[in-house]
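The values are calculated or read from the model by the stated rules, or taken from the named source; none is laboratory data. Predicted model only: the values in this text are computed from it and were never measured. Cβ: placed from backbone, ideal geometry, glycine included. Neighbour counts: every protein chain shown. These area figures cover heavy atoms from the full protein model, side chains too; ligands, DNA and RNA do not enter into them. Shrake-Rupley method; radii C 1.70, N 1.55, O 1.52, S 1.80 Å.
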Amino acid sequence: MLLTIARHTIRGTVREGRFRVLSIALLLLFLCALYGTYDYYASLRTQHAQASEMARGQWENQGDKNPHSAAHYGTYVFKPIFPLAYFDRGVDSYTGNTLFLEAHRSNQAKYALAQDQVATTRLGVLTPAFVLTLLFPLFILTLGFGVAATERQNGNLRMMLAQGLRPATLFWGNVLGLWALVLLLVLPFFILGGLGLVFAGAPGDYWWRYLFICLFYVLYFGCFIHLALLISAWAGRVNTALVGVLSLWVLVCLVMPRFTVDAARQLAPTPSWQQYQMALQKDLKEGVDGHDPASVYTQRLKEQTLAEHGVDSVHQLPFNWDGFIMQKGEEHETLVYEKQRQKLAEIYKRQLSIHQIMGFTSPYLLLKGVSERLAATDVATYFSFLSAAEKYRIQLVGELNGDLRDNFKYGDWDGTRGQEFYSNNSTFSFSPRPLTEILPELLSPFLVLLGWLVVTGLGGLFFYQRLRPF
Amino acid sequence: MYFLQLKFELRRLARSPLTWLLLLCLLVFFGFSFYSSSQHLHRKAESVNAMLEAQQKELTAQSLLADSLRRGTAEVAGWWQDPTNPIVVGGIWRGGRVVVVPPQPNNYLALGMQDLRPDAWLLRMTGKQARGDVEFENPVNLSFGAFDLAFVIAFLLPLLVIALSFDLISAERELGTLPMLRAQPVMGRKLFFAKALARFSLLAAAALLALLPFFLLAGVSPFSAAGLGTVVLVLLSLLLWFLVALGINLLGGNSAVNALQCVGAWLIIALLLPVLANMLSEKLSPIPSRAAFLNSERATDKYLEESREDRLSAFYQQHPNYERKSEEEQDWRDYYRELLGLMPQEDAIRDSINRPFDEQIAAQEALSEKLLWLSPSLSIYAQLGVLAGTDREAGQSLEAEAEQLRQRWSGWFTDLFMEEKAVDASAYAAIAAFPSTVETEPPSPSYRGVLGLLLQCLLAGAWCFWVAQRRMVQ
């Protein structure tokens, strides 16, 4: 009986003209999005590779310089673009992708793409994730809103119940039918979506990421299947059910996300520029400054170092005091910048947890976060990039200060290093955290999504039980 | 006839709980958009005020120290801490002047690019640095966009219109009252237009009533260009969607089909066409690579470093009053004299690097403006951005104004330094009087968005009329 009802549901839905029109339109849009975003990904990847190569070339060929002058000359690192960015751009357009690394300062990443674009770009960008996260649920809702209501309105329900059909069987049959239809429909989308990975020559890790993205999407679509049936049974009339599913979609996919942004900003406000800088400057003053020999902390360190080596002048130290003090200052500055960065990361974390909590009211919010995280276009990957860049800055400046300390005499600011030395300095590379590290973090959105699936399923069953013939 | 119809429709709508629910939604949407914008703008105002307060404190302390130094009652460790030194006060590696962009009442209409642009610039003798909360804003929040008035008018208002009018005619058919209506001695076409007009009047009146407190609380005059422009946009947007709903109703489907078609039209016109337009402009006129731009800047720096010797020789030939010293003999004055002397030429060379980049961005802007005609959402969003002064162009004029201020600031301190003058009490008084805000003359706004929306309304009206003609004949 269950299979008969499922078959009946599929046949009834497929027979509708809107099914054919919408599925073809959706597929065309998806292809369009895939082409557009893959092109975007490929051009950014090329730009990034060229820019990184050029920046390294400029570093190595900066000319003869004192190592500390080279540390001030600095270098650029660029946030790499990862293969799944063609699928979901995430927050990439809103994060700076260029970071200038120099001595004594931990700079902010600059030049977010969105800052160079016109305001209307913020109305949205067509990506495969946009089609699947925003439009596909609407498609499912328009397929399912009439399933129970039509049966009731055209009198079929009365006949079915008279023949001894239990409402629960009808519900599970409808669920099965819609699930089968949606899975069958979404499969070509997933396969086409994976083509980008083939063209990008992505390593295995990204295929696994993509597989998990697809699994989460299946769960997400399941929620909308159940919601469509729930509303259809609750409303009992086709018109009311339609208004109901559309209102739900607007609320869940359009209104709640923007409302959540306001809630997150209110409950976990980020510091203003002035607050951040004041805290930073206060902490910086409470430590060694490599360029200020008169500072209390520098003086204290000098006394300690002289005492440790049993000498009474920095000239007598077995190393170059300038290089030593520069490195000590660098270590203090690094700690201070890291502390402030951590504070900011904590605020972002609180804001994201508000987004997750709001996921109880909107699965769209949950899925968007998961998809971005798996595509490595989320804010956590951005922070990992910043941390990796900072680590590299410390390493690079450490190499330069170390050379100054060990191989130059005290006060010798005219001594220089050339191309051979700078070519041997460490290089920067960044990869997102492996999937195995990310998976445990996805457990909570997975459970919430599963909760959505179960609750909407039970809700649907409840309203089916209360469904009375017209 | 119209007033009779209006009275009848109003009475009928007043009895429907859906009408009250929709009006409540309208109020909530307008109210929340005001709340959301006010939170954002208050934060911005607090942030820029904190910057100005910190600057004022610093200036007072510096001026007092300068006074004490002149009286000989205080000492500093060296020239780099001397508050009478133009290099220290005018700013090269510290000092300088912060000029802020305070939020304006019009910003309530659309937050646009405001959350992505700087709140202030630090003007220094050698350049300016952008400052702002955007550096610390969570990118996730930025990516979702703001719940502002532009969002309500472009996306949510059309949905309210659809909810109120998707069964404009089909409900009559389904209730069996359509034959009765058509039996009246009035042309059917007129009857349906009057019906739509009555609902339009109701929603327009409600929207205008909701806008009035919005304007009053935000401080926007309803009779200013921004106020009137917003009212026109709201009315045109409502009219457009009523015409779309009426046209779909005239096609003769049942209520469910009409609702689906209306939402389909909304999805295509309001949601998909803008994202397709964005994709098109990204494809046809891509934003140039910032990474490549930075590398060009570095290459320019290298060229400037390599050609420094020639340029220095030219500088000293043009300024025979300055003596060129060897590196060992040079002190900080000689170093900064050379730096500031060569700066105008270096700025000109750097500008030539920026120009092609700016031109490419301008090309994308021009293309995007052409694509505004594609969708009412684009027209509304772009027009409200212009009226609110939060579009890209407004940001560019603010930056240009900040650059002019920087040149004034830099020129003043460079002259003081070159003439070997100190920053005295009168100079400190002049610093205090130097502008601390960047304000541009309100530009005469372009009304391309309004025109676009008007054209879209005409098209929708013509389509509606055509459908009505065909259906009525049938």
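Below 8 Å between Cα atoms, with a sequence gap of 6+, how large is the relative contact order for chain B in percent? Computed value for chain B: 26 percent relative contact order. Note on residue B:432 and residue A:346: the model spin-label points, each 7 Å out from Cα along the C-beta direction, lie 4.0 nm apart. Relative to the longest principal axis of chain B, what angle (0 to 90°, nearest 10) does the C-alpha long axis of helix B:308-318 take? Helix B:308-318 sits roughly 70 degrees off the main axis of chain B. Accessible surface for region A:2-465, divided over its residues, is 41 Å² per residue with a 1.4 Å probe. For region A:2-465, the relative contact order works out to 26 percent when only alpha carbon pairs closer than 8 Å and six or more residues apart are counted. Rolling a 1.4 angstrom probe over region B:148-231 with all protein chains present gives an accessible area of which 74% lies on carbon and sulfur atoms. Along chain B, counting only GluC sites (Glu not before Pro) with a DSSP assignment other than H, G, I, E or B and at most 14 other Cβ atoms inside a 10 Å radius, the longest segment between sites is B:76-322. For region A:65-106, the spread of Cα positions along the three principal axes, ordered from largest to smallest, is 46, 17, 9 Å. In chain A, helices alone account for a calculated mean residue ellipticity at 222 nm of -23000 deg cm²/dmol, with every DSSP H run of four or more residues adding -39,500 (n - 2.57). For region A:2-465, the residue among A:356, A:77, A:396 whose Cα projects farthest onto the positive side of the dipole built from Cβ charges is A:356. In region A:2-465, a dipole from Cβ-located charges (positive for Lys and Arg, negative for Asp and Glu) runs towards its positive end, and of A:189, A:239, A:272 it is A:239 whose Cα lies farthest in that direction. Here r is the Cβ-Cβ distance between residue B:355 and residue A:247 and R0 is 35 Å; the resulting FRET efficiency, rounded to 0.05, is 0.10.
Expressed as a fraction of 2.2 N^0.38 Å, the value expected for a compact globular protein of N residues, the C-alpha radius of gyration of chain B is 1.33. Residue A:240 contributes about 60 Å² of solvent-accessible surface, heavy atoms of the protein only, 1.4 Å probe. Only helices enter the 222 nm calculation for chain B: every DSSP H run of n ≥ 4 contributes -39,500 (n - 2.57), and dividing by all residues gives -23000 deg cm²/dmol, rounded to 500.
With the largest listed first and rounded to whole Å, the semi-axes of the equivalent ellipsoid of region A:1-154 from the Cα gyration tensor are 53, 14, 13. Angle of helix A:273-285 to the longest C-alpha principal axis of chain A, folded into 0 to 90 degrees and rounded to 10: 40°.
With a 1.4 Å probe and every protein chain kept in, tell me what percent of the accessible surface of region A:2-465 is carbon plus sulfur.
Result for region A:2-465: 61 percent of the exposed heavy-atom area is carbon or sulfur.
Solvent-accessible surface of region B:202-291, averaged per residue with a 1.4 angstrom probe and all protein chains in place: 32 square angstrom.
For region A:2-465, which semi-axes, largest first and in whole Å, follow from the square roots of 5 times the eigenvalues of its Cα gyration tensor?
On the way: eigenvalues 707, 103, 53 Å².
Each semi-axis is √(5λ); the values are 59, 23, 16 Å.
Note on surface exposure: B:380, B:268 rank B:268, B:380 by accessible area, highest first, 1.4 Å probe.
Partner shielding of B:277-286 amounts to 5, given as the average count of beta-carbon atoms from other chains within 10 Å of each residue beta-carbon. Residue by residue along B:265-275, Cβ atoms of other protein chains within 10 Å of the local Cβ number 4 on average. The dipole here belongs to chain B: it is taken about the Cα centre, uses +1 on the Cβ of Lys and Arg and -1 on the Cβ of Asp and Glu, and is about 3380 debye.
The length gained by stretching the chain between residue B:68 and residue B:370 to full extension, at 0.36 nm per residue less their Cα-Cα distance, is 102.6 nm.
Find the relative contact order for region A:96-233 and round it to a whole percent, using C-alpha pairs within less than 8 Å whose residues are 6+ positions apart.
That works out to 34 percent.
Using only Cα atoms, locate the centre of region B:439-462 and the centre of region A:1-70, then give the distance between them in Å, rounded to an integer. Cα centroid to Cα centroid, the span is 34 Å.
Just how large is the dipole of region A:2-465 about the Cα centre, in debye to the nearest 20, putting +1 at every Lys and Arg Cβ and -1 at every Asp and Glu Cβ?
Charge dipole, region A:2-465, about its Cα centre: 2840 debye, nearest 20.
Listed by chain and number, the lysines placed with their C-alpha closer than 26 angstrom to that of residue B:190 are B:7; residues fewer than eight positions away on the same chain are left out.
Ranked by solvent-accessible area (1.4 Å probe, protein heavy atoms only, all chains present), the residues B:228, A:178 order from largest to smallest as B:228, A:178.
Buried on complex formation within region A:260-306 (loss of at least 30 square angstrom of accessible surface versus the isolated chain, 1.4 Å probe, ligands and nucleic acids ignored): A:261, A:262, A:265, A:266, A:270, A:272, A:273, A:274. Projecting the Cα positions of A:100, A:318, A:224 onto the charge dipole of chain A (unit charges on Cβ atoms of Lys, Arg, Asp and Glu, taken about the Cα centre) puts A:224 furthest along the positive direction. With a 1.4 Å probe and every protein chain left in place, tell me how much accessible area residue A:252 has, in Å² to the nearest 10. Residue A:252 exposes around 10 Å² with every protein chain in place.
With a probe of 1.4 Å, find how much accessible area region B:89-188 has per residue, and write the answer as a whole number in Å².
For region B:89-188, the solvent-accessible area averages 29 Å² per residue.
Under Stokes-Einstein, with the Kirkwood radius over Cα pairs as Rh, the value for the protein assembly as shown at 37 °C and 0.692 mPa s is 104 µm²/s.
For the pairing of chain B with chain A, what total accessible surface becomes buried, with a 1.4 angstrom probe, in square angstrom to the nearest 100?
Protein heavy atoms only, the B-A interface buries about 7300 Å².
A 1.4 Å probe over all protein chains sorts A:468, B:470, A:258 by accessible area into A:468, B:470, A:258, starting with the largest. Of the peptides B:61-67, A:75-81, the ranking by mean beta-carbon count within 10 Å, highest at the top, reads A:75-81, B:61-67.
Estimate the FRET efficiency between residue B:345 and residue A:39 by the formula 1/(1 + (r/R0)^6), using the beta-carbon distance for r and 60 Å for R0, to the nearest 0.05. The value I calculate is 0.90. Residues of region B:31-53 buried by at least 40 Å² of accessible area upon assembly of all protein chains, compared with the chain on its own (1.4 Å probe): B:32, B:43.
Placing R0 at 30 angstrom, the Cβ-Cβ distance between residue B:225 and residue A:267 gives a FRET efficiency of 0.20 after rounding to 0.05. Using 32 Å as the Cα-Cα cut-off, could you pick out the over-long pairs in A:343/A:368; B:195/B:370; A:339/B:283; A:349/B:283; A:328/B:44; A:79/A:368? In this structure, B:195/B:370; A:339/B:283; A:349/B:283; A:328/B:44 lie more than 32 Å apart at Cα. A 1.4 Å probe, protein heavy atoms only, puts the accessible area of residue B:302 near 60 Å².
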